[in-house]
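Input: a single structure, listed below in structure tokens.
The values are calculated or read from the model by the stated rules, or taken from the named source; none is laboratory data. Predicted model, so just to flag it, every value in this text is computed and none were measured. Cβ sites come from the backbone with ideal geometry, for glycine too, and all protein chains shown count toward neighbours. Accessible surface areas use protein heavy atoms only, side chains included; no ligands, DNA or RNA. Shrake-Rupley method; radii C 1.70, N 1.55, O 1.52, S 1.80 Å.
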Amino acid sequence: MRGIKKQFKLRFEPLNSEVEPLNSEVAPLNSEVEPLNSEVEPLNSEVEPLNSEVEPLNSKVEFLRLNYESLQMTNDK
């Protein structure tokens, strides 16, 4: 069991020394992001219903695009 702990330390301790400085950079950014999240959440609830309206339109547009390409290929012959 000791060998496993030693391998773990040898493998991950150097990574910790790289991660710790990054954590100190991320912490202040989190404090900026948190207020933005509270603004985004209500917008998400407005967007979700719109997504359900857009999805069927996307499939219609794709159908029309394929038909148009097919007609162009027919006309090019």
Can VAL61 be described as open to solvent by 90 Å² or more (accessible area, probe 1.4 Å), more than 19 Å from the chain's Cα centre (by Cα), modelled with pLDDT of 90 or more and of a type in the set (A, V, I, L, M, F, W, C)?
yes
Could you check, for the range 27-41, whether at least one of its residues is outside any helix (DSSP H, G or I) and open to solvent by 80 Å² or more (accessible area, probe 1.4 Å)?
no
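Using the structure shown, decide if GLU20 is in a helix (DSSP H, G or I), at pLDDT 90 or above and open to solvent by 100 Å² or more (accessible area, probe 1.4 Å).
Spelling it out, it is not the case that GLU20 is in a helix (DSSP H, G or I), at pLDDT 90 or above and open to solvent by 100 Å² or more (accessible area, probe 1.4 Å).
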Return a yes/no flag: does the range 64-77 have any residue that is of a type in the set (D, E, K, R), modelled with pLDDT of 85 or more and surrounded by 10 or more Cβ atoms within 10 Å (Cβ to Cβ).
yes
